[in-house]
Amino acid sequence: MSRGASAAAAIVSHPREFVGLVMATAATVAVFTNALFLQKGPHPAPIFATRPAVRVVPITPPRPQGAPANAVSSAPADAVKNRAQLISDIQRELHRRGYYDGTLDGIWGARTDAAARDFVQASGLRLTVEASDALLRAILSAGAKRAAAEPARRNDPIAELIAPSKRVLAVQRALADFGYGQIKPTGLYDQETRSAIEKFERDRRLPVTGQISERVVRELAGMTGRPLE
């Protein structure tokens, strides 16, 4: 007997079992078809376990609370602006008191530095000569510059020779700043100033004269980075 005839005989002999087998097969096929092809998203109980896709999310560093986005970039510009305003205020107050005769440009140049040094020396203060709030407060609390005493006789050449000189004063300051003796910046050419100049000339390999020559002035200006007069 062929296999087809045997299968037909089995179906005729057991019709209920055959119908149940057909229905179970159809249900199984429907479940697999639905799970594999008809679901829009992942099945809540998948037949085969799958690894979920990993989503990379860029991490943005937290911004400090209360700090604007451009706070860091604007800080240097604000510092420069504040310093220029401070120097301009110092220049204005020095000008009002007769120490400064330059422009109010907010730049700490040679004239501003010399005027500030004159003020500190005349006031007898112990301050570092630099653009600072302490210097501005000291200037605001000080009075006008005292007028220098006029020579007893204007036509006296000796009196004019021994009178305080701005050039001598600038040279004395520069020599004292670089450690050439304990010089008091009086503006008067004295023995201490002469000895300091001689020591400076020997260090710079210049002709030793002890005099405030043009070459000495140029060498000192080159060391300080600013004109002495």
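Laboratory data are not the source of any read-out in this text; all were calculated from the coordinates shown. Quantities reported herein were computed from a predicted structural model and do not represent experimental measurements. As a convention, Cβ positions derive from the backbone with ideal geometry for all residues, glycine included, and neighbour counts pool all protein chains shown.
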> Cross-link partners among aspartates and glutamates for Lys166, C-alpha distance below 18 Å, same-chain residues fewer than 8 apart left out?
Replying inline: Asp101, Asp113, Asp118, Glu150, Asp177, Asp190, Glu192, Glu214, Glu219, Glu229
> Highest mean first, what order results for 215-223, 169-177 on Cβ atoms within 10 Å?
Replying inline: 169-177, 215-223
> Fully extended, how many nm does the chain gain between Asp101 and Lys199 (0.36 nm per residue separation, minus their Cα-Cα distance)?
Replying inline: 31.9 nm
>> What's the whole-number percent of alpha carbon pairs in the stretch 75-145 lying beyond 13 angstrom?
In response: 59
> If amide H atoms are built 1.01 Å from N in the plane of the peptide, which residues on other chains or at least 5 residues away come under 5 Å of the amide H of Gly187?
Replying inline: Leu169
> So how strong a dipole does the stretch 75-145 carry about its Cα centre when Lys and Arg Cβ are +1 and Asp and Glu Cβ are -1, to the nearest 20 debye?
Replying inline: 180
> Length gain on complete extension for the stretch Asp177 to Arg215, per 0.36 nm per residue less the alpha carbon to alpha carbon distance?
Replying inline: 11.8 nm
> Could you give me the ³J(HN,Hα) list for the stretch 191-198, computed from phi with Karplus coefficients 6.51, -1.76, 1.60 and θ = phi - 60°, whole Hz, x at Gly and Pro?
Replying inline: 5, 4, 5, 4, 5, 5, 5, 4
> Hey, what do the phi angles of the stretch 109-124 turn into as Karplus ³J(HN,Hα) couplings, whole Hz, using 6.51/-1.76/1.60 and θ = phi - 60°, x for Gly and Pro?
Replying inline: x, 5, 5, 5, 5, 5, 5, 5, 5, 4, 5, 5, 5, 5, 7, x
> Label points 7 Å out from Cα along the Cβ direction at Ala27 and Arg137: separation in nm?
Replying inline: 9.4
>> Could you derive backbone 3J(HN,Hα) for the stretch 17-24 from the dihedral phi with the Karplus parameters 6.51, -1.76 and 1.60 (θ = phi - 60°), listing whole Hz in sequence and x where the residue is Gly or Pro?
In response: 4, 5, 4, x, 5, 5, 5, 5
